[in-house]
Amino acid sequence: MADIAFVKPALPRHGALVLLVPEGGEGGSLHAAAATATDGRLPKALEAAGFKGRKGQSAVLWAPGGGLSKIVALGLGKPEDVTPEALENLGGTAWPLVAAEREAVVAAEALTPGLAARFGSGLKLRSYRFGKYRTKEKEEDKPKAERIAIATSDAAKAKAEFAPLSAIADGVFLARDLVSEPPNVLFPAEMAERCKTLEKLGVEVEVLGPKEMKKLGFGALLGVAQGSAQEPRVVVMKWLGASKAARGKKASARPLCFVGKGVTFDTGGISIKPAGGMEEMKFDMAGAGTVIGLMAALAGRRAKADVIGLVGLVENMPSGTAQRPGDVVTSYSGQTIEVINTDAEGRLVLADVLWYAQEKYDPRFMVDLATLTGAIIIALGHEHAGLFTNDDGLAAKLEAAAKATGEGLWRMPLGDAYDKQIKSDIADMKNVGGRPGGSITAAQFIQRFVNGKPWAHLDIAGTAWAYKDTPITPKGASAFGVRLLDRLVADQYEG
């Protein structure tokens, strides 16, 4: 990843120059200086390319003169198009155009410091690359960018605005790293160890092992884990930013709570999945990855909020000790569950962790994230995550954060008719309700373990992995939800 700096406007002597050009205009003093340095070739080349600065338009000029290797022109569009979200996306668009250059300067002197910072955020988010296991990669295939300088009229203020955005991007990178890891490397105990790295940011981390969970009565979670040689973990992460800001006085508000499903590999258990595509089940822990990344982001930017993050970490494997279809388990809540399908395991993990969270921490609300059902992909594709909630106010806040970050949510229904589908003949409930409304009946199951607390469930099965590049997300692990939930906290619960 290149170092992103903010500097005073000056035309570079070498490397790449990125011009941000409004529709029908020029990009400021550096644009004019570049035209002079290239002996007037720049405006002629842009005209020949049909570049007019429209939103989303780009043009690349190779070896334009003046010592520069290339000039990249990006269209800002009309004044109403110049929004923080648009500048972040534009920064992401710029990254692949300058990644092969060791140095680049972005002419952003016409932007406010905040917009310049958002452009830098987009650059950083798109620059992510998981190359840990590539041993024979050709040099020409590797990014070469070492430093990207964003030239702005108030570099100091832009740098200050960029700092919390950079911390959020670090949280996104952590989540992407976790989701990208292969399952033979990232199993429950290892994932719990990686949670402990957050302690250096000031996060309090507590790890529950099998003995503690058995003593507590986490029968639903332990039932999922019993077929694997890898022992389960539950990790509790606390960022007490509001309490710290109160300087020794007790914070007035109850904490916010985020819970993640962390199935580090999901074979389906005895109800085993088909072989085709099963390798993707390494990212069945993406909900937990998002919660861990969120906690890193909040701590990294020193959020003034008290937040509890909990993740239930298991591996779901078939073996002689594995849970069987037909088994009945007793959850931490005391409710009994008939296991009809061992591939509906994530909801069993969440059942125990959610009940533990609300019983121990009495949070203002709980939001859980899980790659829970293939049914949500059938319903919404890969464009939106499913939002299920028992609280309209929380839904509105989540939808506002989703709109602001571009991480789409679509509210799905809940209701008694769906709840009846999970009625069991021999236990309090069964863990599946059949094919109709599969993502909804899964959410109904989870709702039985929130005990009336304000709660939302985000089914991120379709959004946890990007199957193609987007402006700020390269193909691969998306870390969906880190930016969304950070925005929720920042906009609604700090101040």
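The values are calculated or read from the model by the stated rules, or taken from the named source; none is laboratory data. Quick caveat: nothing in here was measured; it's all calculated off a predicted structure. Every residue, glycine as well, gets a Cβ built from its backbone with ideal geometry; the counts of neighbours run over all protein chains shown. Heavy atoms of the whole protein, side chains included, go into the accessibility calculation; ligands, DNA and RNA do not. Shrake-Rupley method; radii C 1.70, N 1.55, O 1.52, S 1.80 Å.
Which order, highest average first, do 89-96, 271-278, 7-14 follow once you tally other Cβ atoms within 10 Å for each residue and take the mean per peptide?
Descending packing order for the listed peptides: 89-96, 7-14, 271-278.
Summarise the accessible area of segment 1-121 (1.4 Å probe, protein heavy atoms) by the percent that is carbon and sulfur. Numbers along the way, then the final one.
Numbers: 2880 of 5310 Å².
Taking all protein chains in place, segment 1-121 shows 54 percent carbon and sulfur surface.
Given a 1.4 Å probe and every protein chain left where it sits, what share in percent of the accessible area of segment 407-495 is carbon and sulfur?
48
Using θ = phi - 60° and the Karplus form 6.51 cos²θ - 1.76 cosθ + 1.60, what ³J(HN,Hα) does each residue of segment 371-376 get, whole Hz, x for Gly and Pro?
So the J values, rounded to whole Hz, are 7, 8, 9, x, 4, 6.
Once neighbouring chains are kept in place and the probe is 1.4 Å, which whole percent of the accessible area of segment 216-291 is contributed by carbon and sulfur? Don't jump to the answer; show the numbers that get you there.
Details: 1580 of 2890 Å².
Solvent-exposed carbon and sulfur of segment 216-291 make up 55 percent of the total.
Output wanted: per-residue J couplings in Hz (rounded whole) for segment 446-457, from phi through Karplus 6.51 cos²θ - 1.76 cosθ + 1.60, θ = phi - 60°, x for Gly and Pro.
4, 4, 5, 10, 9, 6, x, 5, x, 8, 9, 10
With charges set only on the Cβ (+1 for Lys and Arg, -1 for Asp and Glu), what does the dipole of the chain come to about its Cα centre, in debye to the nearest 20?
That gives a dipole near 920 debye.
Could you work out, for segment 179-292, what percent of all Cα-Cα pairs fall into each 5 Å distance bin, beginning at 0 Å and stopping at the bin that holds the largest distance?
2, 10, 18, 21, 18, 12, 9, 5, 3, 1, 1, 0
Run the numbers on segment 359-495 and let me know its relative contact order in percent, using alpha-carbon pairs under 8 Å that are six or more apart.
Values: 207 pairs, mean separation 50.9, N = 137.
For segment 359-495, the relative contact order is 37 percent.
Starting from the amide H of Q226, placed 1.01 Å from N in the peptide plane, find each other amide H under 5 Å away whose residue is 5 or more places distant or on another chain.
Those lying under 5 Å, H to H, from Q226 are Q323.
What are the radius of gyration and Dmax of segment 93-153, computed over its Cα atoms and given in Å?
13.5, 43
With Kirkwood's inverse mean 1/r over C-alpha pairs for Rh, give me the Rg to Rh ratio of segment 68-183, two decimals please.
On the way: Rg = 15.3 Å, Rh = 15.3 Å.
Computed over Cα atoms, the ratio is 1.00.
Using a 1.4 Å probe, what is the accessible area per residue for segment 147-294, in Å²?
On the way: 6020 Å² over 148 residues.
Spelled out: the 1.4 Å probe surface of segment 147-294, per residue, equals 41 Å².
Please go through the residue pairs K244/K360; K196/K273; K211/K273; K423/K453 and name each one whose alpha carbons sit more than 25 Å apart in this structure. Walk me through the numbers on the way to the answer.
Numbers: K244/K360 20 Å; K196/K273 32 Å; K211/K273 30 Å; K423/K453 22 Å.
Result: K196/K273; K211/K273 exceed 25 Å.
Got a sec? Charge dipole of segment 115-262, +1 on Cβ for Lys and Arg, -1 for Asp and Glu; which of W239, V205, V185 is way out at the positive end?
W239
Projecting each Cα onto the charge dipole of segment 1-119 (Lys/Arg +1, Asp/Glu -1 at the beta carbon, about the Cα centre), which of P113, H31, L87 comes out farthest on the positive side?
H31
Using the structure shown, select from K70/K142; K8/K132; K132/K475 the pairs with a Cα to Cα distance greater than 25 angstrom.
Working: K70/K142 19 Å; K8/K132 35 Å; K132/K475 16 Å.
Table pairs above 25 Å Cα-Cα are K8/K132.
With every protein chain kept in place and ligands, DNA and RNA left out, what is the accessible area per residue of segment 74-117? Probe 1.4 Å, answer in Å². Mind showing how you got there, number by number?
Numbers: 1560 Å² over 44 residues.
Heavy-atom SASA per residue in segment 74-117 reads 36 Å².
Of [x] 24.5, 84; [y] 24.0, 73; [z] 21.1, 64, which one was derived for Rg and Dmax of the Cα atoms in Å from the structure shown?
From the options [x] 24.5, 84; [y] 24.0, 73; [z] 21.1, 64, the structure gives [x].
Taking amide H positions as placed in the peptide plane 1.01 Å from N, state which residues far from T267 in sequence (5 or more) or on other chains have amide H under 5 Å from it.
N316
Before I look further, what does segment 372-495 give for accessible area per residue, probe 1.4 Å, in whole square angstrom? Can you show the working numbers first?
Working: 5250 Å² over 124 residues.
With all protein chains present, segment 372-495 gives 42 Å² per residue.
Under a crude label model (7 Å from the Cα following the beta-carbon direction), how far is K52 from E140 in nanometres?
With each label placed 7 Å out from Cα toward Cβ, I get 3.7 nm.
Express in % the proportion of alpha carbon pairs of segment 326-371 at distances exceeding 16 Å. Please list the in-between numbers first.
Details: 435 of 1035 pairs.
Cα-Cα pairs of segment 326-371 separated by over 16 Å account for 42 percent.
Can you list residues whose amide H is under 5 Å from N341's amide H, if they're 5+ apart or on another chain and H is modeled 1.01 Å from N?
Under 5 Å from the amide H of N341 lie the amide H atoms of N431, V432, each far enough along the sequence or on another chain.
Calculate the dipole size of segment 279-405 relative to its Cα centre from +1 charges on Lys and Arg beta carbons and -1 charges on Asp and Glu beta carbons; express the result in debye to the nearest 20.
Details: 10 positive and 17 negative charges, 125 e Å.
Using only the charged Cβ atoms, the result is roughly 600 debye.
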